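Q: Pasting a structure below so you can have a look.
Values in this text are rule-based calculations from the coordinates and carry no lab data. Small disclaimer: the values here were computed from a predicted structure and weren't measured. Because the Cβ atoms are built from the backbone with ideal geometry, glycine has one as well, and the counts that use them run over all protein chains shown.
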Amino acid sequence: MIELIGIKKTYFTEGKETPVLFGIDFKIEEGEYVAIMAPSGTGKSTLLNILGTLDKPTEGKYLFKNRDLTELNDDQLSQLRNKSIGFVFQLFNLLNRVSVLDNVLLPLLYAHNYPKDAKERAINLLNMVGLSERIHFKPNALSGGQQQRVAIARALINEPDVLLADEPTGNLDSKSSEEILNIFDEIHRQGRTLVVVTHELDVAKRAQRVITMRDGKVFKEEKVK
Amino acid sequence: MNFVRFYRLFTHSINAVFGSKVKALLMMLGTAIGIMLLTGVVGISKGVENRIDEIMKFMGPRTGMIFAGGGRMSTAGGRAAAETTLKVEDLEALRTRLFDKAIFSAAIPRDDVFIKYMTQNSQTTIFAVDPEFAIVGDWEIEAGEPIDNYDVKNIARVCLLGATVVKNLFPDEDPIGKKIFIKDIPFRVKGLLKPKGTNPQGFDMDDCIWIPLSTGMRRVFNVDNLRVLRFKVRQEYDINEVKTEIENLLKERHKIKQGQDSDFRIRTPDFIAKRIREMTKTIRLGGLALSIVALIVGGMVLMNILLLSVSERIPEIGLKRAIGATRRDIFLEFLSESIAVSLCGMILGVFLGLIPVFLLPKVMPMIPMAFTFNAFVYGFIFSIVLGIFFGVQPARRASKLEPVEALR
């Protein structure tokens, strides 16, 4: 599904070079549940942005379903994100002015084909994350855990190939975190590929495999179960 | 981009804009005021043209008037009493020299003259007219006989009654042949005028009595001059050429040298139309200028609020880029917001503009005003242009944001 080959990233600001990633290689298979463990400030966000095609590597190849993404233009990448990648952010990033249901439907606004059963699909997803009672609420009327569940439903509305989660429990209490991780388990059971970036061991342990990064490189890879 | 997708983006944008009602109102205020003024200006322009049309129709496009007295508007106040420069001899000369090109006539009006029949008293306007007056002024005789040359030559005490006078003096009698008193002078009713209704200025045209010109001058008013001559140019001649000939002839008769002010004025419908347009030009241009200023200021306000809104919504833009919005999608979203706001401002402005359009004629009837759908058309075009013009920069700024930066 995903293969990174020699990914390097260097930032250039005011004539100064700041290398962040020093050559990353790994593979993620279809249907796999992978955690990327990294302490803050080790290029974790940069790697995630590259995985999510929001940023381009300075060097290296990114194969997504055998397609080299480094050769795609901005519009093509937007379309790929829309169709194939679902994002879950630490801060949920919901639009507070529209309802929970409309938040879930938001990615379809940018889809080339608007599915006829969009609303039904959104309600099913909200049902799965246990929020079917709150579809007409505004997000800011919900708890953090509930907001993150809305974000997960939103990430799944276009049936993406992979779900990318960036510190999904970083802003939640342990009970809400547990709920989110249970939902991830469920999504994994349904056969979807999951990549969770975290610095918490408890979260990483829920995955099948943990890739640990240190100083812009892959430090170790280990199977959990 | 297909239409349905654009429609979805547009409705999403409207939602975004009206999420903050106060901000949306502020954004559309300038547009609303500008379009309101524009609606007023368009209304006045339309009103002016309507009034000119009415006057043209009323006067007839081939009819002109010659007034005694000099050409300056500033002397208008004194001219009624003092202008005695047009004489019957001028009329005769015009008739002799230009008989093939135009029909000339004279009429001396006097307002509020006392009239009486038996025990019925009233007041009306008396016109001392020559036989040509009916032709030039497009009057018709409904019953009886018109005033003819014989009446003028004999200084006959005969008269024609307008419909309103008939109603006042003869509520249930046939007036023809009856004797009425004008300023205590007995007159025989010779005929009745066909009703004409009210003129564009709102005067009742039928509230009048006609008497022969000579009778009026010698027996009733005691004057030896004519204040107004009318002329009607014959089909095959151009009114402006005839006007020049009249001018030359009268100048020659009045011994007015080159460069000197004339002691008469000639007014054609063209001239009157031009005059009305000139008189309303200031208010129209001023209104237009104000509305353009309001639109530009409004556009700047709109642009700045939108720029502010872009910086406030950077995380939202980042999110949208992450879930698949292209740069063009983001650009169109913010441009739609700008257009949506200015369109709403336009609708508000047109409705606000209808207030002066319908209210002003009641408060100040002399300002011509008319409602026209052009206001909507111009408003629509102006606000779309405004929305695009002032929306492009914020929309570009939003679309140029790097998703990674925006999400940070």
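Q: Which of A:G86, A:G41, A:G170 moves most in a GNM of chain A, Cα contacts under 10 Å?
A: Taking springs between Cα atoms under 10 Å, the residue moving most is A:G41.
Q: Okay, next question. Just want the answer: with Cβ charges of +1 for Lys and Arg and -1 for Asp and Glu, which residue in B:V220, B:F170, B:L192 is farthest toward the dipole's positive end in region B:84-262?
A: Of the listed residues, the answer is B:V220.
Q: Principal axis extents for region A:34-148, Cα atoms only, whole Å, descending order, please.
A: Principal extents (largest minus smallest coordinate, Cα): 47, 37, 25 Å.
Q: Holding the Cα-Cα limit at 26 Å, pick out from B:K87/B:K243; A:K61/A:K217; A:K8/A:K175; A:K16/A:K56; A:K116/A:K175; A:K27/A:K175 the pairs that are longer than that.
A: As for pairs spanning more than 26 Å Cα to Cα, those are A:K8/A:K175; A:K116/A:K175; A:K27/A:K175.
Q: Can you give me the relative contact order of chain B as a percent, contacts being Cα pairs under 8 Å and 6 or more apart?
A: Relative contact order for chain B comes out at 30 percent.
Q: B:R95 label point, 7 Å along Cα→Cβ, cut-off 15 Å on backbone N: hits in region B:207-244?
A: B:212-217, B:226, B:229-232
Q: Determine Rg/Rh for region B:84-262; Rg is computed over alpha-carbon atoms and Rh is the Kirkwood hydrodynamic estimate from the same atoms.
A: Checking Rg against Rh, the ratio lands at 1.01.
Q: For region B:289-296, what does the Karplus curve 6.51 cos²θ - 1.76 cosθ + 1.60, with θ = phi - 60°, yield as ³J(HN,Hα) per residue in whole Hz, taken in order and with x for Gly and Pro?
A: Ordered by residue, 3J(HN,Hα) equals 4, 4, 5, 5, 4, 4, 5, 5 Hz.
Q: Please build a GNM for chain A, connecting alpha carbons under 10 Å apart, and tell me which residue among A:T58, A:T13, A:T198 fluctuates the most.
A: A:T13
Q: Another question about this same structure. Averaged across the residues of B:402-408, what count of C-beta atoms belonging to other chains lies within 10 Å of each residue's C-beta?
A: Mean inter-chain Cβ contacts per residue within 10 Å come to 5.
Q: Net charge within 14 Å of A:P19 by Cβ-Cβ distance, Lys/Arg positive one each and Asp/Glu negative one each, not counting A:P19 itself?
A: Result for the neighbourhood of A:P19: +1.
Q: What's the whole-number percent of alpha carbon pairs in chain A lying beyond 23 angstrom?
A: It works out to 47 percent of all Cα pairs.
Q: Give me the compactness ratio for chain B, meaning the Cα radius of gyration over 2.2 N^0.38 Å.
A: 1.52
Q: Still on this structure, I have one more. So what is the 222 nm mean residue ellipticity for the protein assembly as shown from helices alone, if each DSSP H run of at least 4 adds -39500 (n - 2.57) and you divide by all residues, rounding to the nearest 500 deg cm²/dmol?
A: Calculated mean residue ellipticity at 222 nm is -15000 deg cm²/dmol.
Q: At 7 Å along Cα-to-Cβ for each site, give me the label-to-label distance between A:K119 and B:F3 in nm.
A: 2.2 nm
Q: Same structure, new question: Let me know the charge dipole size of region B:103-192 about its Cα centre in debye, to the nearest 20, where only the beta-carbon of Lys, Arg (+1) and Asp, Glu (-1) is charged.
A: Value, rounded to 20: 440 debye.
Q: Here's something else I'd like to know. Please compute the contact order of region A:1-125 in relative form: average sequence separation of alpha-carbon pairs under 8 Å and at least six residues apart, divided by the residue count, as a percent.
A: Relative contact order comes out at 23 percent.
Q: Rg (Å, one decimal) plus Dmax (Å, integer) for the alpha carbons of the protein assembly as shown?
A: So, for the protein assembly as shown, Rg and Dmax equal 43.5, 133 Å respectively.
Q: How do A:E167, A:E59 rank when sorted from fewest to most other Cβ atoms within 10 Å of their own Cβ?
A: Going from sparsest to densest Cβ surroundings: A:E59, A:E167.
Q: Now a separate question. Kindly work out what percent of the DSSP beta bridges joining two residues of the protein assembly as shown are antiparallel, to the nearest 5.
A: 70 percent
Q: Based on other C-beta atoms within 10 Å, arrange B:D207, B:D270, B:D329, A:D173 from fewest to most.
A: Ranking B:D207, B:D270, B:D329, A:D173 by Cβ neighbours within 10 Å, fewest first, gives A:D173, B:D270, B:D207, B:D329.
Q: For region B:152-215 and region A:28-63, what is the centre-to-centre distance using only Cα atoms, to the nearest Å?
A: 104 Å
Q: Moving on. What average number of partner chain Cβ atoms lie no more than 10 Å from the Cβ of the residues making up A:75-82?
A: 5
Q: Something else now. Would you kindly state the longest site-free stretch of chain B, with sites defined as chymotrypsin sites (Phe, Trp or Tyr not before Pro) in a DSSP loop (not H, G, I, E, B) surrounded by at most 13 other Cβ atoms within 10 Å?
A: B:204-372
Q: Using a Gaussian network for chain A with springs between C-alpha atoms less than 10 Å apart, which of these wobbles most: A:S99, A:S40, A:S177?
A: A:S40
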